[in-house]
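Here is the structure we will look at, set down as structure tokens.
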Amino acid sequence: MNSDPGLAVGFHAFGGVDFEGTFFVDTEIDDDYVGFVFSYQDNSHFYTVMWKKKTQTYWQAMPFRAVAEPGIQLKLVTSATGPGQMMRNALWHTGDTPNQVRLLWRDPKNAGWKEKVAYRWLLLHRPKIGLIRLRIFEGENMVADSGNIFDSKLKGGRLGVFCFSQEAIIWSDLVYRCNEAVPSAIYQELPRQLQSMTEVDTTRANEIIQVGRRRAGDFPAATGPQMQADQPPQEEEEEEVVAE
Ligand SMILES: [Ca+2]
């Protein structure tokens, strides 16, 4: 199945936030993009984490030839045109596209996702200091860690999920938590100037984000340390189609 990019975003806007969720592709069919969005301000301004299964040149060569690499990508979307062919191809492309998308990070392993596997993402976004940190787990194994990424373009916004031409995606157990502090391990890595602008997270969230302990495939977990948000997972409430 082929489709244009699609987003579903919640209503609430966030500053500093921890955002977790699980995705699972329940089919062996197709090899396209699955992911999520954060700091969504409008359909032309957001960050997205997107993961493709296989290398592929986009089938529409206009307005430019877009090549998708497998592997996890973190992109800043600031589209001058908004939804349409240009933004569509820029989202597909693994790289920078002027006035559309900037590739902030890509997983050097460049490995695609596997079907019928639950992946758990743990995202920290601290717009106050421009910090983004992404980790993805398969069960207890961390399969990707972005390290500390700094980008201050978007100062917060709404959370949601993302797909681009992939069918049978199941997102589950989406959890968010307002948080302006950072785990001590990340704090130690920060430049001194940024340390002075934030503080160490001494709450339970510290443990959650550092360890990523809960298994991706066994929700709700019955034993061991639990990852609980202060608020219940939010139903996705609104759907917006990004490209025509
Ligand atoms: Ca497809």
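Observations on the structure shown:
- Cα shape, segment 26-172, gyration tensor, a/c 1.5 rule: oblate
- 3J(HN,Hα) couplings calculated from phi for segment 147-158 with the Karplus curve 6.51 cos²θ - 1.76 cosθ + 1.60 (θ = phi - 60°) are, in sequence order, x, 7, 10, 10, 8, 10, 5, 10, 9, x, x, 8 Hz; Gly and Pro show x.
- Cα gyration tensor, segment 1-109 - rounded (a/c under 1.5), prolate or oblate: oblate
- For segment 1-98, the list of trypsin sites (Lys or Arg not before Pro) that fall in a loop by DSSP and count at most 16 other C-beta atoms within 10 angstrom reads 54, 65.
- Beyond 22 Å in Cα-Cα separation lie the following of the pairs 54/109; 52/153; 52/116; 54/114; 109/153: 52/153; 109/153.
- Directionally averaged shadow of segment 105-168, computed from the convex hull of its alpha-carbon atoms, nm²: 5.4 nm²
- Gain on full extension, evaluated as 0.36 nm per residue between residue 172 and residue 128 minus their Cα-Cα distance, stands at 13.0 nm.
- Less than 5 angstrom separates the built amide H of residue 166 from those of 33, all sequence-distant by 5 or more or on a different chain.
- The stretch between residue 62 and residue 81, if pulled fully straight at 0.36 nm per residue, gains 5.3 nm over its current Cα-Cα span.
- Ranked list, fewest to most other Cβ atoms within 10 Å of each Cβ, for 7, 103, 174: 103, 174, 7
Read the figures in this text as sums done on the coordinates, not as results from a lab. Model, not experiment: these values are computed from the prediction. No Cβ is skipped: glycine too gets one built from the backbone with ideal geometry, and neighbour counts run over all protein chains shown.
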